Amino acid sequence: MPQFRVLREACCAQDDQLGPLEATYEVSASATLGEFVHAVASSRFLQYSATHTSIVGYAGGTQFVRVFSSYYCNGQEPDFFVSPDVPASAVVRGADIHFRFT
């Protein structure tokens, strides 16, 4: 099964000190990008604050999704910049995934 290294930007100074800012996700070889993003979002690895209510995912420097806080954004679904139905491995292509605030 492919493993994806995911890094995220801290949402505040306390998060920078306490929170894990790196995680590894293992998904099936046939997993879609949508399934991968759902796995990351539902794991609660991504963190938000009142001033940072969404975070953008990048693979190899190319943005592929904006994920919204379920608390601050009332359960708004992710906004994909590429089809969520493509295989996750086709988008990631061995690169680390970075989630950053914009």
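Any read-out appearing in this document is the output of simple, stated calculations on the displayed coordinates, not a laboratory observation. Just so you know, these numbers come straight off a predicted model, no measurement behind them.
One Cα centroid belongs to the stretch 1-16, the other to the stretch 43-87; the line between them spans 13 Å. Expressed to the nearest 5 percent, the antiparallel share of DSSP beta bridges inside the chain is 85 percent. With the convex hull drawn over the C-alpha atoms of the chain, the volume per residue is 89 Å³. Over the chain, what is the relative contact order in whole percent, taking alpha-carbon pairs under 8 Å and six or more residues apart? Rounded, it is 35 percent for the chain.
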